[in-house]
Structure formats: C-alpha cells, structure tokens
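Engineer: Sharing a structure here in structure tokens format.
Every read-out reported here was derived from the displayed coordinates using simple, explicitly stated rules and does not represent laboratory data. Nothing here was measured: the structure is a model prediction, and the numbers come from that model. In this analysis, Cβ positions are derived from the backbone assuming ideal geometry, glycine residues included, and neighbour counts consider all displayed protein chains.
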Amino acid sequence: MLTLEHFLTVGVLLFCLGLVIALSKRNAIGVLMGIELMLNSVNLTLIAFSRFSTGPAEIAGHAFVAFVITVAAAEAAVALALAVAVYRSRQTVEVDQLDLLRS
Amino acid sequence: MTELFAAASGEVPGISEAVLWAIIVAPLAAFTAITLYLRKLPKVAGYLSIAAIAGSFVLSLITLVDVLGANGGIAIHTHEWFQAGPLEVALGVRIDGLTAVMLVVVSSVSLLVQVYSQGYMEGDPGYGRYYAYMSLFITAMLGLVLADNLFMLFIFWELVGLSSYLLIGFWFHKPSAAAAAKKAFIVTRIGDLGLLAAILLIWTRGGTFAIDQIHDLALAGTLGGTTITLFGLGLFAGAVGKSAQFPLHVWLPDAMEGPTPVSALIHAATMVAAGVYLMARFFPVLEAAPDAREVVGWIGAATVVVGASLALVQTDLKRVLAYSTISQLGYMMLALGVFGYAVAIFHLFTHAFFKALLFLGSGSVNHATNTFDMRRMGGLRTLMPITFWTFLIGTLSLAGVFPLAGFWSKDEILLEAWVNNKGLYTVAAIASFVTALYMFRAIFMTFFGEYKGGEAVDHEDEDSHFHGDPAHPHESSWVMTVPLLILTAGAIAAGWWAWGKEFHHFVEAAVPAEALHKAPDFSYWIAITSSLIAVAGIGTAWAIYHRGLVSSTEIRRIAFPLAALLERKFFLDDLYERAFAVQAFQRGWNRLVEQFDTFAVDGTVNGVGWVGQQSSRVLRHAQTGQVQLYGAGIAAGVFIVAIIVFIANPL
C-alpha cells in the first residue's frame with residue numbers, strides 16, 4: 001500500500017538531487033536541468049497532498065501543478081534563450097566563468 | 001464665549017467684540033500690506049500706517065468712553081483656539097479699565113510718533129521698512145494689553161521684543177546699532193525665561209491661562225504660598241527684562257542707537273512699560289505673595305537709584321533720557337511694591353506723555369544740530385523756541401513740579417511709600433532730587449549758554465541723510481512740532497484725571513476688590529516736601545551748570561571714586577561682558593560644548609563609519625560573484641531555518 005510518506009520521500013530525494021545538480025553543475029544547461037528536477041519534485045509533492053487530502057478543495061493541488069508546469073515551460077524557454085544569448089556574447093556557458101557581479 | 005463682570009455700579013461695557021479685534025487688526029493689516037506690496041512706495045506706506053493707527057486710536061477712544069460709561073466693568077470675549085490633550089489654549093480679548101487706559105496710551109503716543117516720523121525719517125532709504133516695523137510693534141503692543149490669557153499675552157510679549165530688536169537695529173549697517181539690537185534681545189530673553197517658567201508653573205499647578213481665573217486662584221489661596229511666590233517672581237523676571245529693571249537694565253541705554261521716534265515710542269512710553277503692565281495685570285498675585293511684592297519694591301528702588309545716578313554723568317542727551325526712563329520705571333515697580341496698583345498705572349500713564357515728549361524733543365534738537373552730544377549744543381533756547389518750551393514743560397513734569405502731570409503721579413507714589421514702607425520712601429525721595437538735578441543739567445547744557453556748533457555734516461558718509469546746516473540750527477517743521485505741542489498738553493493735563501481719585505477707581509475695577517488696599521488720602525505734607533525736593537534739585541542744577549557757582553570738574557575731582565564708578569556704569573557692563581560673556585560662556589560653556597561635539601557627537605558618527613568599514617573588509621570575501629555559491633547559501637539558510645522551526649515545534 002502506497003502511503004503519503006512514500007510520495008513525500010521520493011519528492012524530498014528528487015528535490016535534493018535537483019538542488020545538488022543546480023549548485024554543482026558548471027554548465028548552465030545542467031543547472032537548468034537541476035532546477036527542472038526541483039520543480040517537478042514540488043509538483044509531485046503537491047499532487048500527493050492533493051490525492052491524500054480529504055478537504056473540500058482537493059482539486060487545488062492539481063490546479064497548482066497545472067500552473068507550475070506551464071510556468072516551468074515558459075521559464076525553460078526564457079532560460080535557454082538566455083543561455084544562447086550569453087554564449088553568443090561570452091563564448092561560454094560555464095557558470096563559474098560568469099562572475100560579473102563581483103565588482 | 002463672552003463673560004461680563006459688572007462694576008460696582010452694575011454696568012458692563014457694551015462695546016462689540018469686533019471693535020476690539022479691529023484695534024489689533026488695523027495696524028497688522030498695514031504691516032502686511034507694506035511688507036508685501038508697498039516696499040517700493042514708501043510714501044504710501046507711511047500714510048497707510050498712519051491711517052491704520054489713527055483708526056486704532058479712534059476705536060480705542062470709543063472703547064475707553066464705553067468702559068468709562070460702565071464705570072470700569074469688565075468684558076471678556078474668549079474663543080477656543082486649540083486643544084492638545086489636557087492643554088486648552090484660548091484666543092480672546094479682555095476689556096476693563098486697565099486695558100482701556102493702556103489702549104489709549106499706546107495708540108495715542110503711537111499716532112503722534114508716527115506723524116512725527118514723517119519729518120524725522122524723511123529721506124531715509126529704509127522709510128517704508130520703518131513704517132512696517134512700527135506697525136508690527138503697534139499690533140503687538142495692542143495685542144499685549146488686550147489679551148485675556150497669559151499664553152496669548154506671552155506671544156504678543158515676544159512679538160513686541162522682536163519688533164524692538166528690529167527697530168533698534170534699524171540702521172543695521174552701523175555696527176553699534178547691530179550690537180545694541182543683539183544686546184537688547186539677549187538681555188530681555190534672560191527675563192523672558194522667568195516669564196516662561198511662570199507660565200508653565202501656573203499651567204501645571206493651576207491648570208489655566210485665563211487672567212481672571214489666575215486672579216481667583218491667587219486670592220483663594222489654594223495654590224500654596226511657595227507656588228504663588230515663585231509664580232510672582234517668574235512674572236517679575238519677565239518684567240525686569242522688558243522694563244529694564246536693575247540688574248537687566250543695561251540694554252535700554254544702548255537701545256538708543258535706534259531712530260529717536262522709536263526710542264520715544266518703544267523705549268520710553270509703551271514697550272518698556274509692558275513689564276509694569278504685566279505686574280499690574282497680575283496684581284492679586286503680588287497681594288497673595290508678600291515676599292514677591294517685597295522683591296518687586298526693592299528691585300524697583302534699586303532701579304530708581306541706578307537710573308537716576310547714571311543719568312547724572314551722561315553727555316549724550318538721549319542717554320540721559322534713557323537712564324531717566326529706567327529710573328521712572330523703577331518708580332512704577334516701587335509703587336507696585338507698596339500696594340500702589342492704581343498709582344503705578346497712573347505714573348505709567350503720565351510718564352508716557354512727558355517722556356515721549358522729551359524724546360521727540362531730543363530728536364528735534366538732533367535734527368537741527370546733527371548730534372546728541374550735549375557738550376556741542378547750548379543756546380538753542382532762542383533758536384528753537386517751540387522745542388525749548390515743550391522740552392522744558394516735559395522736564396518740569398518729570399521733575400514733579402505742581403501742577404503738571406508728573407507731580408500728581410510721583411507725589412502719590414511717595415505717599416504710598418510713606419504709608420507702607422518708610423525705607424522705600426527715603427530712597428524714592430532722594431532719587432527725586434537727583435531726577436530734577438539731571439534733567440535740568442540737560443536743559444542748561446542744551447538750551448542755555450553759547451551754541452557750540454553741533455556736529456559737522458560728513459558729506460562723504462553715504463548713510464547720512466542730514467539736510468540742515470548744523471552751524472545754523474533752526475526750528476523743525478510742523479510735522480515734528482505739532483506732535484510735540486499735543487504731547488505737551490498731555491504732559492500738563494494728564495495728571496488731572498486723578499482728581500477725586502477718578503482714575504484710581506476706574507483702573508481698580510479691573511482687579512478683584514479683595515486684592516486692593518485703600519489708597520491713602522492726599523497729604524499736603526508729602527506734596528510740599530516732594531515739591532521742595534524738586535525745586536532744590538532744579539536750584540542745584542542752576543547753580544552748577546548755569547551760573548557755575550560750583551565747578552562740576554571740581555565736584556568730579558573731590559568725588560573721584562564715585563564719579564569713576566558712575567562713568568563705568570557701576571561696572572555692570574564689564575561684569576556681564578567679561579565675567580559672563582567671555583569667561584563663563586566663551587571660555588567655559590563653549591569649550592565644554594566644543595569638547596562634547598568633538599568627542600561625543602563626532603565620535604559617534606565616525607565610530608559608526610569605522611564599524612561599517614571594518615566589518616565590510618571581512619564580509620567582502622563572501623561576495624565572490626559565483627551564483628551557485630549564493631544559491632548554496634540560500635539553501636543552507638533554508639535548511640537552518642527549517643531545523644530551528646523543527647526544534648521549536650516538535651511534531
């Protein structure tokens with residue numbers, strides 16, 4: 001029998017994997033993939049809560065996820081466009097090379 | 001809200017409130033119009049100002065007649081101005097015998113001085129500004145006497161001080177005038193601190209600013225002796241500053257740097273009398289606080305002596321008059337100290353006329369000779385007959401010669417002092433000898449003997465706008481002599497109002513009856529002695545300064561220490577300047593403040609900057625520009641917060 005805990009455990013593991021990828025990958029595309037992973041772990045958690053909740057608004061989690069997927073798609077498009085633009089100007093998408101914020 | 005208090009005979013003043021406000025507003029409107037629109041049209045400014053004050057004068061006369069008709073009944077028209085927590089401040093006018101008399105004194109002398117100024121200030125580059133300041137002063141002075149509560153009175157009191165400052169420093173390009181203005185402002189401010197303390201005290205203890213309620217509080221005795229004494233002394237501190245009483249009298253002689261009509265109006269007839277008015281207004285407080293009253297009397301006596309003795313050694317005609325004013329104000333305070341409420345106001349009333357006359361007379365002399373130095377005058381008796389005769393009558397009135405105005409009021413002060421305090425009587429009587437002496441010394445030096453040429457006109461001096469020829473002095477024009485003649489009529493006849501104590505009953509109706517003592521009856525003995533003393537003073541002056549029977553240089557040589565003391569003004573200026581201004585302030589207090597500024601204030605500011613600089617030196621290493629490192633930081637932060645929340649709320 002699958003319980004809520006199983007789903008949440010998978011969600012947490014997925015989130016942590018995404019976080020580690022996002023923080024450790026040097027390639028900007030890899031970082032973006034890590035972020036996608038984190039977003040999807042959140043989606044999973046939301047769906048799980050929605051599935052196991054008995055409140056009057058059990059559809060709310062599903063609705064949230066639909067929005068998150070939409071926004072994530074848009075975000076991915078923008079992020080990839082940015083990566084392309086950065087590559088054109090700097091000939092690299094290695095994030096540790098992009099440290100213009102430092103003075 | 002209007003409250004009416006009937007006089008003993010049952011009548012109340014029926015004068016409309018609008019008239020009373022109009023008395024204040026008319027000169028205020030002139031001031032506003034001149035400063036905003038008429039700076040370029042000085043002639044119009046002068047006429048407008050005179051028209052406004054003439055309006056105030058007519059309304060004041062109507063008010064006086066009305067209050068006279070009501071036998072001194074009281075009308076108080078008061079309105080709530082603002083309320084802040086428990087503090088309620090009212091805006092209102094109070095009309096009674098005292099106010100009505102003050103209104104007429106202020107507005108009549110103002111009107112005459114304004115007319116006179118047309119001649120005296122003619123051609124001055126600041127002509128329009130002069131009339132603006134004068135209008136402001138008149139507004140403030142009329143507001144001061146009409147105010148029905150201490151708060152409003154204080155506002156006008158300070159406005160009066162401000163306009164006095166502006167007018168003393170009217171010729172601000174002269175360093176001496178600028179310094180005199182500053183001195184007047186600062187010295188009176190010392191006294192005003194006491195007045196402010198008194199206001200705060202009466203508010204915290206009595207919970208009211210209204211004059212009639214303060215009267216009741218004082219007479220009911222619910223406030224306690226210490227409080228009421230402190231309140232009385234606080235009020236008196238304000239009066240000491242404003243009315244140039246010893247030891248704060250030092251500003252008044254210097255204030256003579258202002259134009260002469262200003263000296264006549266502000267520093268002789270009206271503003272300096274405001275302190276006397278204040279003490280008279282709160283006379284029931286003095287009645288309830290015998291210690292405070294005693295202080296008032298003796299400070300008054302000290303002022304009489306200091307003023308009269310210093311007047312004796314001045315060579316500047318205006319300064320003689322200035323010290324004489326100080327001395328006469330001392331007489332008024334002395335009268336208040338011996339229960340002479342009505343007498344003090346009576347002397348204020350007569351003094352306003354003859355002292356304004358004397359000042360305007362000295363201005364007329366100055367207009368002909370271009371100097372105030374009496375050693376360069378002489379012989380003007382035949383050259384300026386109108387000025388001479390009016391000046392002489394003013395002097396006789398001041399010296400207290402029968403039947404002129406000054407005789408009646410000074411005689412009554414001496415009488416009150418004789419009945420209530422023999423010590424004060426002795427001081428006052430001796431000083432009245434000196435009064436006659438120094439005034440006739442001035443008369444003989446100015447108007448008798450040979451003319452000594454005046455002060456040559458310095459044509460290089462652009463500020464000078466002197467028109468005449470000092471070598472050939474001539475009588476002033478009619479705008480200056482007519483006010484002199486009118487004031488002479490006042491200096492002769494003002495005292496006759498006291499016939500049958502009519503004046504006294506009129507002003508006494510303004511304070512609760514239980515605060516008053518019965519005035520002593522007219523005494524021929526006192527009247528004859530005071531006249532003899534005056535005549536003796538005149539005779540001595542004649543012997544020394546006219547006939548030269550006794551040489552004044554000889555006297556100076558014999559009484560050398562005294563003469564030196566007088567010429568240095570009892571060293572008071574030196575004391576204030578060296579001990580207070582230089583040692584206590586510049587060396588002591590200012591240095592302390594400077595140290596505080598350097599170490600405490602600057603230290604704090606610099607310290608804050610230093611801490612920021614040092615901490616940023618460490619923290620800048622965290623700013624790598626690596627986005628992933630920042631992300632890790634955020635993640636770690638969230639993790640730590642989660643742990644804290646978990647510990648705080650275990651499942």
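Engineer: Counting C-alpha atoms alone, how compact is the protein assembly as shown: give Rg to one decimal and Dmax as a whole number, in angstrom.
Structural biologist: Spelled out, the Cα radius of gyration and Dmax of the protein assembly as shown are 40.4, 138 Å.
Engineer: While we're on this one: Where in segment B:332-347 does the label zone of B:GLU294 land, with the point 7 angstrom along Cα→C-beta and an amide N cut-off under 18 Å?
Structural biologist: From segment B:332-347, the list is B:334-340.
Engineer: Does segment B:513-597 classify as rounded, prolate or oblate by the C-alpha gyration tensor (a ≥ b ≥ c root eigenvalues; a/c under 1.5 gives rounded; else a/b over b/c gives prolate, otherwise oblate)?
Structural biologist: Judged from the Cα gyration tensor, segment B:513-597 comes out oblate (a/c at least 1.5, b/c at or above a/b).
Engineer: Around B:PHE5, which amide H atoms from residues at least 5 apart in sequence, or from another chain, sit under 5 Å from its own amide H, with H modelled in the peptide plane?
Structural biologist: Under 5 Å from the amide H of B:PHE5 lie the amide H atoms of B:ILE74, B:ALA75, B:ILE76, each far enough along the sequence or on another chain.
Engineer: Going by a ≥ b ≥ c, the root eigenvalues of the Cα gyration tensor, does segment B:9-98 fall in the rounded group (a/c under 1.5), the prolate group (a/b larger than b/c) or the oblate group?
Structural biologist: oblate
Engineer: What whole-number distance in Å separates the alpha-carbon centres of segment B:480-495 and segment B:353-402?
Structural biologist: 13
Engineer: Which aspartates and glutamates, on any chain, are close to B:LYS452 with Cα under 19 Å apart, when same-chain ones fewer than 8 places away are left out?
Structural biologist: Within the straight-line cut-off, B:LYS452 pairs with B:ASP316, B:ASP373, B:ASP469, B:GLU475.
Engineer: Assigning unit charges at the beta carbon (Lys, Arg +1; Asp, Glu -1) and nothing else, what dipole magnitude in debye, to the nearest 20, does segment A:4-96 show about its Cα centre?
Structural biologist: The calculated dipole for segment A:4-96 is roughly 260 debye.
Engineer: Apply the Karplus curve 6.51 cos²θ - 1.76 cosθ + 1.60, θ = phi - 60°, to the phi angles in segment B:57-74 and return the couplings in whole Hz, x for Gly and Pro.
Structural biologist: Calculated HN-Hα couplings, in order: 5, 4, 5, 5, 4, 4, 4, 4, 4, 5, 5, 4, x, 8, 6, x, x, 10 Hz.
Engineer: For segment B:138-147, take each phi angle, set θ = phi - 60°, evaluate the Karplus expression 6.51 cos²θ - 1.76 cosθ + 1.60, and give the result in whole Hz per residue in order, putting x for glycine and proline.
Structural biologist: 5, 3, 4, 5, 5, x, 4, 7, 8, 4
Engineer: Rank the residues A:MET33, B:MET374 as a footprinting-exposure proxy: fewest other Cβ atoms within 10 Å of their Cβ go first.
Structural biologist: Listing A:MET33, B:MET374 from fewest to most nearby Cβ atoms yields A:MET33, B:MET374.
Engineer: Going by how many other beta carbons lie within 10 Å of each one, how would you line up B:PHE599, B:PHE185, B:PHE170, B:PHE354, fewest first?
Structural biologist: Listed from fewest to most nearby Cβ atoms, that is B:PHE599, B:PHE185, B:PHE170, B:PHE354.
Engineer: Here is a further query. By the scheme Lys and Arg +1, Asp and Glu -1, what is the net charge of all other residues having a beta-carbon under 14 Å from that of B:PRO253?
Structural biologist: Around B:PRO253, the surrounding residues sum to 0.
Engineer: Just check segment B:99-225 against the gyration tensor rule for me: Cα atoms, a ≥ b ≥ c as the square roots of the eigenvalues, rounded for a/c under 1.5, and otherwise prolate or oblate depending on whether a/b exceeds b/c.
Structural biologist: It is oblate, given that a/c is not under 1.5 and a/b is not larger than b/c.
Engineer: If you don't mind, another one. Quick one: B:TRP525, B:TRP478, fewest Cβ neighbours within 10 Å first, how do they rank?
Structural biologist: B:TRP525, B:TRP478
Engineer: Let me ask something else about it. With θ taken as phi - 60° and the coefficients 6.51, -1.76 and 1.60, list the Karplus ³J(HN,Hα) couplings across segment B:162-173 in order, rounded to whole Hz; mark glycine and proline as x.
Structural biologist: 5, 5, 4, 4, 5, 7, 5, x, 4, 8, 5, 6
Engineer: Please give the length that would be gained between B:VAL638 and B:ARG587 if that part of the chain were fully extended, namely 0.36 nm times their separation in residues minus their C-alpha to C-alpha distance (nm, one decimal).
Structural biologist: 12.3 nm
Engineer: Could you please report the charge total around B:ALA90, scoring K, R as +1 and D, E as -1 over all other residues with beta-carbon less than 9 angstrom from its beta-carbon?
Structural biologist: Local net charge: -3.
Engineer: Please state the equivalent ellipsoid semi-axes for segment B:182-331: what are the square roots of 5 times the Cα gyration tensor eigenvalues, largest first, in whole Å?
Structural biologist: In descending order, the three semi-axes are 31, 15, 12 Å.
Engineer: From the Cα trace of segment B:33-163, what convex hull volume per residue do you get, rounded to a whole Å³?
Structural biologist: So the per-residue Cα hull volume is 112 Å³.
Engineer: Could I ask something else about it? Can you give me the relative contact order of chain A as a percent, contacts being Cα pairs under 8 Å and 6 or more apart?
Structural biologist: Once divided by the residue count of chain A, the mean separation gives 26 percent.
Engineer: Taking the Cα centroid of segment B:301-329 and of segment B:39-94, what is the distance between the two, rounded to the nearest whole Å?
Structural biologist: After rounding, the separation between the Cα centres reads 33 Å.
Engineer: OK, next. Taking the radius of gyration and the Kirkwood hydrodynamic radius from Cα positions alone, what is the Rg/Rh ratio for chain B, to two decimal places?
Structural biologist: Ratio value, two decimals: 1.11.
Engineer: Principal axes first, then extents: for the Cα atoms of segment A:4-96, list largest minus smallest coordinate on each axis, whole Å, largest first.
Structural biologist: The principal-axis extents, from largest down, are 53, 23, 10 Å.
Engineer: Separate question: Taking +1 at the Cβ of each Lys and Arg and -1 at the Cβ of each Asp and Glu, which of B:ILE168, B:GLY191, B:VAL145 sits farthest along the dipole of segment B:140-255 towards its positive end, judged by Cα position relative to the Cα centre?
Structural biologist: Farthest towards the positive pole: B:ILE168.
Engineer: Take A:VAL84 and B:THR35, extend 7 Å from each Cα along the Cα→Cβ direction, and tell me the distance between the two endpoints in nm.
Structural biologist: 7.2
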